[in-house]
Structure formats: structure tokens, C-alpha cells
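Here the structure comes first, spelled out in C-alpha cells, and everything after it is commentary.
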Amino acid sequence: YAKSMGRNRYAVFKKAMEKAVVRKHVLEKELRKALAESRFIIRYQPQITQDGNKFIGAEALLRWSHPTEGIISPAEFIPIAEENHLIIPIGEWVLKQVCYQIKHWLEQHGYSPFITVNLSVVQIRNSDLVSYIKKLLDQTKIPPQLLELEVTETVLLHEARVSIDILNELKKLGVKLSIDDFGTGYSSLTYLKKLPLDKLKIDRSFVKDVPGDPDSETIIRTVIGMSLDMGLEVIAEGVETKEQLDYLIKEHCSLFQGFYFDPPISLEQLEEKYFANLHKSVTSNPKVVHLENYSK
Ligand code: C2E
Ligand code: MG
Ligand code: MG
Ligand code: MG
């Protein structure tokens with residue numbers, strides 16, 4: 001009986017594996033088509049400052065609008081796109097959309113929030129990345145500080161030599177640089193100090209368990225203290241509750257992103273919710289966009 005159970009389980013496992021492999025091949029083929037047919041969509045997740053009444057920027061998050069499967073998550077297709085290097089043209093498409101969107105907002109309103117774009121390790125390794133971004137900045141003439149590039153902590157750790165050079169070159173273009181999913185890679189402080197960073201994003205996995213979990217609380221307190229000491233901005237990712245927000249504010253974190261405010265939303269929703277009531281007089285800092293009577 002035990003033996004047949006084992007065999008049975010193995011068969012189930014094997015079938016699941018085969019299914020996954022087939023799906024990967026199918027998706028890979030369809031991903032090429034999707035790129036040719038522009039089947040990608042960008043969602044924007046707002047970054048909110050202070051006590052929740054100011055919108056200053058948003059993270060661009062990619063989606064694949066599949067003809068029969070609906071929206072496919074980047075968690076599923078980005079790893080495939082990285083394997084076959086399709087992430088290079090896909091990533092360029094995202095950067096281009098975002099830069100032209102900022103240009104459009106600047107022309108339409110005279111100001112624009114900053115937009116952050118995720119960079120994959122494959123893009124970082126690609127020697128054309130810097131010149132591509134330089135070309136986009138030249139073409140759109142947007143203030144480079146309105147574009148922020150996110151690189152995950154693990155990429156920085158594993159690609160240390162390449163990353164430092166690339167980040168320095170990107171920094172010279174005037175774009176902002178942030179380190180994503182911070183806290184998951186155990187970087188040393190001395191290493192971080194060598195990098196030309198502007199912002200640090202505290203990973204959602206720590207935010208999830210505060211207040212209450214002593215380890216997460218220690219990590220959050222340490223990361224915030226360290227960022228402020230180093231002159232870095234710090235943002236908490238994945239803020240879902242009022243309790244988390246209050247805790248983070250108490251710990252001197254002043255920038256937030258998460259479902260408590262908004263999930264990633266469409267361009268239209270972003271404009272409707274955050275651009276409709278924009279203050280007429282924007283501060284001298286072009287990246288800060290004030291909201292009048294913003295309430296949840
Ligand atoms: P990420 O850069 O760390 O993005 C944050 C992810 O957390 C997003 O998932 C977002 O929807 C989700 N999130 C935000 N707030 C909350 C919250 O309060 N609770 C929970 N449970 N989740 C929250 P998403 O959009 O599925 O993206 C997943 C990952 O895919 C991103 O992680 C990023 O690494 C990657 N990705 C997305 N767009 C791009 C892109 O254009 N290029 C590259 N290379 N990677 C991308
Ligand atoms: Mg990110
Ligand atoms: Mg993240
Ligand atoms: Mg992530």
C-alpha cells in the first residue's frame with residue numbers, strides 16, 4: 001500500500017513538473033509575441049509621505065495583459081523574461097513609457113511626481129543600459145531626478161563589481177537610485193556606503209509583522225536609524241494597516257507605499273485620485289506635489 005502510494009505521489013509530482021515546464025515554454029513563446037504586440041501594461045503604486053496626506057511619487061509595476069489568461073503577474077513572467085533576455089527590450093519599454101509619461105505630465109501640469117522603475121539584474125549586466133537611459137533623458141528633456149531606479153539588495157550583493165560601476169554611471173546622469181527589498185540580503189554597512197544610493201526600501205516581510213514581532217521591530221528600527229545616519233531617504237513597502245503606519249511614523253519613517261493607501265492602480269485612477277485636487281501652487285521643489293484635503 002505504502003509503495004503504491006509513493007508511486008502515485010511520484011506520478012502526481014511528475015505530472016505537475018511536466019505541466020510547469022510546458023507552461024514555461026508556452027509563456028516564453030507568447031512573451032515574444034506580447035512584446036511585438038505591446039501587450040504590457042504599467043500600474044502605478046503611489047508613495048505617500050508624512051502622515052498620509054501627500055502624494056509625491058509612484059512605483060511603476062509591470063503587468064502582462066494576456067489574450068486568454070487575463071493579467072499575468074510580473075512574479076511569473078519576469079523570471080522567464082530574464083532567462084531569455086527578453087527583459088532587456090521589455091525593460092526598455094517600461095523606461096520609455098515612464099519617461100514620456102513624466103514629460104507629458106510636465107507639459108500638461110507644469111509638474112510631475114517622480115516615478116520609480118525596477119531594474120532586473122540582467123539589465124544591470126547589459127552594457128547598453130546607461131546609454132539607453134541617457135538617450136531617453138536627452139529625448140524627453142525631463143529633470144533626471146524625476147526618474148528613480150530600483151535595484152534589489154540581492155542583486156547588489158551578487159553583482160557587486162558590475163553594480164558599483166553601473167550605479168555610479170547612472171548617478172552621473174542625475175537619476176535617483178534606490179535599493180529595493182532591503183533587509184533580505186544582509187548587506188554590510190561598509191558596502192552600502194560605497195554605493196551612490198538615495199533611498200532605501202524596507203522589505204514588506206518586516207513591515208508585515210510590526211508592531212508586535214520583536215525581531216522585525218529591531219530590524220525596522222535599525223534600518224531607519226542607519227538610513228537617516230547615512231543621509232538616505234527611507235520608505236516602508238507593503239504598509240497594509242493603520243497600526244503598521246502608526247508604528248512606522250513613531251519610528252521616524254516618513255515615506256510609505258502599500259495597500260493601506262493604494263494597490264498598484266491604472267494611470268487614469270492615479271490621475272483621477274491624485275491629480276484632480278492638486279494644489280495650484282507647487283513648492284519650489286518640483287518633485288513634491290501637494291494635495292489639498294486629501295483624505296482616505
Ligand atoms: P517589488 O519591486 O518589490 O514591488 C512591490 C510588490 O509588492 C508589487 O508586486 C506590489 O503590488 C506589492 N505590494 C505593494 N504593496 C503591497 C501591500 O501592501 N501588500 C502586499 N501583499 N503586496 C504589496 P507586483 O506588482 O506583483 O510586482 C512583483 C515584483 O515584480 C516587483 O517587486 C518587482 O521585483 C518585479 N517587477 C514589477 N515590475 C517590474 C518591471 O517593470 N521590471 C522588473 N525588472 N521587475 C518588475
Ligand atoms: Mg520595486
Ligand atoms: Mg520591493
Ligand atoms: Mg520584490
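Couple of notes before you dig in:
- Residues that are more than 16 Å from ligand 4 (Cβ to nearest atom) and out of contact with any Asp or Glu (no Cβ under 6 Å at 6 or more places or on another chain) number at least 3 in the following helices (runs of 4 or more DSSP H) confined to the stretch 191-256: 214-229, 242-250.
- In the stretch 204-241, the residue that is nearest to ligand 2 (Cβ to nearest atom) out of those that are open to solvent by less than 20 Å² (accessible area, probe 1.4 Å) and not aliphatic (A, V, I, L, M) is Gly238.
- Cβ-Cβ contacts under 6 Å between residues 6 or more apart (or on different chains), taken from a first residue in the stretch 173-186 that is within 16 Å of ligand 3 (Cβ to nearest atom) to a second residue that is part of a loop (DSSP other than H, G, I, E, B), are listed as Lys176/Asp198; Leu177/Leu197; Leu177/Asp198; Ile179/Leu197; Asp181/Asp203; Phe182/Asp203; Gly183/Asp203; Thr184/Asp203.
- Between Gln45, Gln101, Gln50, the distinction of being within 30 Å of Phe261 (Cα to Cα) and at pLDDT below 95 belongs to Gln50 only.
- Scope the stretch 5-41; condition in contact with a strand residue (DSSP E or B) (Cβ under 9 Å, 6 or more places away or on another chain) and in a helix (DSSP H, G or I); matching residues: Leu27, Glu30, Leu31, Ala34
- Residues satisfying the stated conditions in the stretch 138-151, i.e. surrounded by fewer than 17 Cβ atoms within 10 Å (Cβ to Cβ) and assigned to a helix (DSSP H, G or I): Asp138, Gln139, Gln145
- Asp181 vs. criteria within 14 Å of ligand 1 (Cβ to nearest atom), among the charged types (D, E, K, R) and closer than 30 Å to Glu268 by Cβ: yes
- Pairing residues of the stretch 230-250 that are farther than 16 Å from Ile179 by Cβ and within 16 Å of ligand 3 (Cβ to nearest atom) with residues that are part of a strand (DSSP E or B) and of a type outside the set (Ser, Thr, Tyr), at Cβ distances under 8 Å and at least 6 apart in sequence or on separate chains, gives Val239/Phe256; Gln244/Ala236; Leu248/Ala236; Leu248/Phe256.
- Scanning the stretch 180-197 for residues that are open to solvent by 30 Å² or more (accessible area, probe 1.4 Å) and either at positive phi or of a type in the set (Asp, Glu) (or both) yields Asp181, Tyr186.
- Filtered residue count, the stretch 217-241, keeping only those that are more than 16 Å from ligand 1 (Cβ to nearest atom) and either touching a Leu at 6+ places or on another chain (Cβ under 6 Å) or more than 17 Å from Leu192 (Cα to Cα) (or both): 5
- Qualifying residues in the stretch 152-179 (those that are open to solvent by less than 20 Å² (accessible area, probe 1.4 Å), modelled with pLDDT of 95 or more and part of a strand (DSSP E or B)) - the one nearest to Pro196 (Cα to Cα): Leu177
- Among helices (runs of 4 or more DSSP H) entirely within the stretch 53-136, having at least 1 residues that are among the aromatic types (Phe, Trp, Tyr) and open to solvent by less than 60 Å² (accessible area, probe 1.4 Å) singles out 74-83, 87-109.
- Within the stretch 242-253, if we keep just the residues that are out of contact with any strand residue (DSSP E or B) (no Cβ under 6 Å at 6 or more places or on another chain) and surrounded by 15 or more Cβ atoms within 10 Å (Cβ to Cβ), the residue that is farthest from Gln45 (Cα to Cα) turns out to be Glu251.
The values are calculated or read from the model by the stated rules, or taken from the named source; none is laboratory data. In this text the structure is predicted, and so the values were computed from the model without any measurement. Here Cβ is always computed from backbone atoms with ideal geometry, including for glycine, and neighbour counts include all displayed protein chains. Ligands, DNA and RNA are excluded from the accessible area calculation, which covers all protein heavy atoms including side chains. Shrake-Rupley method; radii C 1.70, N 1.55, O 1.52, S 1.80 Å.
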